[in-house]
1. Among the residues of segment 147-179, count how many are closer than 19 Å to Ala38 by Cβ, without any contact (Cβ under 8 Å) to a residue 40 or more places away in the chain and not in a helix (DSSP H, G or I).
2. Only residues in segment 8-33 that are within 25 Å of Val78 (Cα to Cα) and assigned by TED's automatic domain parsing to the domain that holds Ser109 count as the first member; pair them with residues that are of a type in the set (S, T, N, Q) and assigned to a strand (DSSP E or B), Cβ under 6 angstrom, at least 6 apart or cross-chain, and list the lot.
3. Please identify the pairs in which a residue from segment 78-90 that is touching a residue at least 12 places away in the same chain (Cβ under 8 Å) has its Cβ atom under 8 Å from the Cβ atom of a residue that is of a type in the set (Phe, Trp, Tyr), counting only partners at least 6 apart or on another chain.
4. Consider only pairs whose beta carbons are under 7 Å apart and that are at least six residues apart or on different chains; among these, list those whose first residue lies in segment 180-194 and is in contact (Cβ under 8 Å) with a residue 12 or more places away in the chain and among the basic types (Lys, Arg) and whose second residue is buried (at least 19 other Cβ atoms within 10 Å of the Cβ) and in a helix (DSSP H, G or I).
5. Give me the strands (runs of 3 or more DSSP E) completely within segment 1-96, filtered to those with at least 2 residues that are among the β-branched types (Val, Ile, Thr), ordered by residue number.
6. Hey, can you tell me all the residues within segment 82-135 that are polar (S, T, N, Q), farther than 21 Å from Phe25 by Cβ and under 17 Å from the mean Cα position of the chain (by Cα)?
7. For residues that are under 16 Å from Glu191 (Cβ atoms) and in contact (Cβ under 8 Å) with a residue 12 or more places away in the chain, tally how many sit in segment 220-262.
8. Looking only at segment 120-147, which residues are within 16 Å of Leu161 (Cβ to Cβ) and of a type in the set (Val, Ile, Thr)?
Amino acid sequence: MYRAEERLRELEAIVAPYGSALVAFSGGVDSSLALAVATRALSSEKVVAVTSNNETYLPSELDLARGFASSLGVEHLVVNTRELDDPNYASNPTNRCYFCKSTLYSDLSRLADERGYACVVDGANKDDEGDYRPGRKAARELGVVSPLSLAGVGKAEVRELAKYLGLPSWDKPALACLSSRFPYGQEITPEKLAQVARAEEFLRAEGFRQVRVRHHGEIARLEVGPEEIERAFACRDRISAELKDAGFLYVALDLSGYASGSLNAALSRKGKKARKSLPVVS
């Protein structure tokens, strides 16, 4: 208990000097902890939570975000940052997240200025710095404050602190934006996102906790937690029928199970091939 309080004070000390904050709030455990810390450090009157609600965001998540902000007594705003209007984003390059976060944080910075909030805070944690995260570059360029990362708080500790504070999302499975379901280079459209959203909402309603429906054109590649693979296979007829009704022609179950950033595997494979093709210099 003492260690948790000490870490929370460290986090609060990062946010407190700003006096007020606009928090980029998705409703996941990271941004929930960042919002809770900002509220503790500044009071609910000095904090606003802002959620970007667009085609890349699961509809069910918005109600959860609203409920949590309300429980803290924090004003909650919903904006639509229209990332798909940017062809640099919709074409889905390997640095897609840079364009998304650049748009998001630019809009939130303008909103913070208009409403008199001193900074924009996000929920990036220390572990995000070690993964392939082009969006972090946009955050740095636009001066976003990332207290979890600055304090060296990784994902495991995020969950520990969230549990200590009694946050309902403390054990919530990771949930990246729906654009992460598409292999790089495959164009992202509202119609494709709607397919993925429908499929994942169905699977969550069926009780699957960790779910990704990867969009490979006519093929839906389903990733669930390793402990849920057998149940997914047992429910294969119902799952297949629903996903085909959502617009997929084929439905595949990935036997490796869920893996965060699994589509980034293509990047490392391309890198290996490129290195092998280099001439040997003696």
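The values are calculated or read from the model by the stated rules, or taken from the named source; none is laboratory data. These figures come from a predicted structure and were not determined experimentally. Note that we place each Cβ from the backbone using ideal geometry, even for glycine, and neighbour counts take in every protein chain shown.
1. Selection size over segment 147-179: 2.
2. What qualifies is Phe25/Thr51.
3. Glu83/Tyr89; Glu83/Phe99; Asp86/Phe99; Tyr89/Phe99
4. What qualifies is Arg181/Val196.
5. On the way: elements: 21-24, 47-52, 75-79.
Once the strands (runs of 3 or more DSSP E) in segment 1-96 are filtered for at least 2 residues that are among the β-branched types (Val, Ile, Thr), what remains is 47-52, 75-79.
6. Step one: of segment 82-135, the residues polar (S, T, N, Q) are 88, 91-92, 94-95, 102-103, 106, 109, 125.
Those still in the list that are farther than 21 Å from Phe25 by Cβ too: 88, 91-92, 94-95.
Within segment 82-135, Asn92, Thr94, Asn95 meet the criteria.
7. If we filter segment 220-262 for residues that are under 16 Å from Glu191 (Cβ atoms), which is where we start, we get 220, 243-249.
When the remaining residues are screened for being in contact (Cβ under 8 Å) with a residue 12 or more places away in the chain, the result is 220, 243, 246-249.
Count: 6.
8. Hit for segment 120-147 is Val121, nothing else.
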